[in-house]
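Here the structure comes first, spelled out in structure tokens, and everything after it is commentary.
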Amino acid sequence: GLLKLIEDDSTSDAKLLGVIKGPDFPTGCLILNSREELKEIYSQGRGPIRMRGDYQVEDVGGRSTRSRIIITSIPYAVDKSALIEKIADLIIARKVPQLDDVRDESTDEIRVVLETTPGADVEKVMAYLFKHPPLQQNFNVNLTALIPTPNPFVGRPTRLSLREALLHFIDFRVKVTRCKLEYEKSKLEERLHLLEGLESILDVLDKVIKIVRESSGRSDAAKQLQKKFKLSEKQAFFIVDLRIYQLSRTSVEEVTKELSEKRKRVREINKILKSEKALKGEVAADLKRISEAFGDPRRSTVVGEYEEPEFDKEAFIEHEDTNVIVTADGWLKRI
């Protein structure tokens with residue numbers, strides 16, 4: 001989405017939704033909102049994202065009519081241990097008679113196994129679990145942020161659309177990139193200044209070494225070099241602080257090569273700093289590098305249209321032989 005806006009900052013919310021499919025949560029899960037609902041949330045900057053855990057059904061095999069329900073994802077911010085504990089409490093209380101056991105087989109991926117009773121209706125079991133434990137939750141979007149004002153120390157709270165939030169982020173990254181390049185340029189220019197001083201005395205190294213040896217100390221040597229070769233104070237101290245073997249081994253080619261590379265980079269930076277488009281190009285390149293280094297496949301699936309499993313209370317009444325007593329006072333009791 002950021003790359004789309006860098007390319008064309010007039011890109012509409014509708015076009016952004018062509019590349020931003022919806023939120024993606026680290027725990028996976030299904031997103032039940034329709035495309036229209038997501039468009040509304042992203043344009044208004046607020047609204048609920050309906051999340052639901054996903055599951056698969058595995059046959060136990062053999063002659064048994066049992067099956068296993070494998071929960072493969074859970075809603076974001078739901079504690080897996082608390083979810084399993086809640087399901088276990090329901091099984092112990094016989095509120096879901098179609099379930100026998102629950103266990104956690106998760107590794108890097110979520111795998112919560114539910115053992116069903118013979119002939120259990122999986123759809124009815126999941127309808128109950130979506131209604132009672134936190135296997136279906138809402139995540140409320142609120143894109144309220146402090147946006148810049150003319151006073152750099154004061155931000156104004158504003159609810160943004162997704163597009164506006166991304167545009168503010170791009171502006172921020174452009175400023176950061178400008179500062180980064182200006183800093184790099186200043187360090188390059190400092191180095192260039194020192195190398196230019198070194199380059200100017202490479203042909204008279206013997207005289208430089210003689211002056212340094214005959215001087216009374218570091219400051220005196222620097223002053224004499226400044227006076228003799230018209231160097232700046234920084235250049236003079238840079239040369240004085242080099243060891244003799246470094247001076248003697250430094251070749252004109254090495255210094256010239258480094259000077260050429262650094263001057264070329266300064267020209268490149270100056271060209272970028274003069275163009276807003278070039279600065280945005282640097283931001284885009286950074287985003288691509290981040291995506292390649294840290295991007296991973298999408299985990300959450302936007303379902304959109306889905307069939308709500310029907311919850312039927314009658315399905316969870318356990319049918320069993322019972323002794324029923326009517327007392328003389330009219331009380332009905334089950335034993």
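Of the conditions (1) outside any helix (DSSP H, G or I); (2) in contact (Cβ under 8 Å) with a residue 60 or more places away in the chain, F153 clears all except one; give me its number.
(2) is the only condition that F153 fails.
With exposed (fewer than 12 other Cβ atoms within 10 Å of the Cβ) and at pLDDT 95 or above as the only criterion, which of K333, K271, K313, K262 stands out?
K271
I need the full set of residues from the stretch 113-148 which are open to solvent by 40 Å² or more (accessible area, probe 1.4 Å) and out of contact with any helix residue (DSSP H, G or I) (no Cβ under 9 Å at 6 or more places or on another chain), in order please.
P118, G119, E123, K131, Q137, N138, F139, N140, N142, T144, L146
Residues in the stretch 170-183: is at least one farther than 30 Å from L16 by Cβ and either under 52 Å from the mean Cα position of the chain (by Cα) or open to solvent by 70 Å² or more (accessible area, probe 1.4 Å) (or both)?
For the stretch 170-183, residues farther than 30 Å from L16 by Cβ and either under 52 Å from the mean Cα position of the chain (by Cα) or open to solvent by 70 Å² or more (accessible area, probe 1.4 Å) (or both): present.
Return the pair list, or none, for Cβ contacts closer than 7 Å from residues in the stretch 83-110 that are part of a helix (DSSP H, G or I) to residues that are modelled with pLDDT under 90 and open to solvent by 60 Å² or more (accessible area, probe 1.4 Å), at least 6 apart or on different chains.
What qualifies is L90/H132.
Here are H193, H168: which of them is in contact with a helix residue (DSSP H, G or I) (Cβ under 9 Å, 6 or more places away or on another chain), touching a residue at least 12 places away in the same chain (Cβ under 8 Å) and not hydrophobic (A, V, I, L, M, F, W, C)?
Only one candidate qualifies: H193.
T27 passes all but one of (1) at pLDDT below 90; (2) farther than 23 Å from I71 by Cβ; which number fails?
It is condition (2) that T27 fails.
Of the residues in the stretch 4-43, how many are farther than 19 Å from I74 by Cα, of a type in the set (S, T, Y) and surrounded by fewer than 17 Cβ atoms within 10 Å (Cβ to Cβ)?
Count: 3.
Checking R156 against (1) under 17 Å from R52 (Cβ atoms); (2) surrounded by fewer than 17 Cβ atoms within 10 Å (Cβ to Cβ), which single condition isn't satisfied?
For R156, the failing item is (1).
Restricting to the stretch 83-100, and then to whatever is among the aliphatic types (A, V, I, L, M) and open to solvent by 50 Å² or more (accessible area, probe 1.4 Å), can you tell me which residue is nearest to L114 (Cα to Cα)?
Checked the stretch 83-100; the qualifying residue nearest to L114 (Cα to Cα) is I92.
Of all residues in the stretch 126-185, which are under 30 Å from I87 (Cα atoms) and of a type in the set (F, W, Y)?
Of everything in the stretch 126-185, those that are under 30 Å from I87 (Cα atoms) and of a type in the set (F, W, Y) turn out to be Y128, F130, F139.
From the list E214, E109, E196, E105, which one is touching a strand residue (DSSP E or B) at 6+ places or on another chain (Cβ under 6 Å) and open to solvent by 40 Å² or more (accessible area, probe 1.4 Å)?
E105
Could you check the stretch 184-210 and list, in sequence order, the residues that are over 46 Å from the mean Cα position of the chain (by Cα), farther than 12 Å from V252 by Cα and of a type in the set (D, E)?
The one that is over 46 Å from the mean Cα position of the chain (by Cα), farther than 12 Å from V252 by Cα and of a type in the set (D, E): D206.
The values are calculated or read from the model by the stated rules, or taken from the named source; none is laboratory data. Please read all numbers here as calculations on a predicted model, not as lab measurements. When we count neighbours, we look across all protein chains shown, and the Cβ atoms used for this are built from the backbone with ideal geometry, even at glycine. Note: accessible area is taken over every heavy atom of the protein model, side chains too, but ligands, DNA and RNA are not part of it. Shrake-Rupley method; radii C 1.70, N 1.55, O 1.52, S 1.80 Å.
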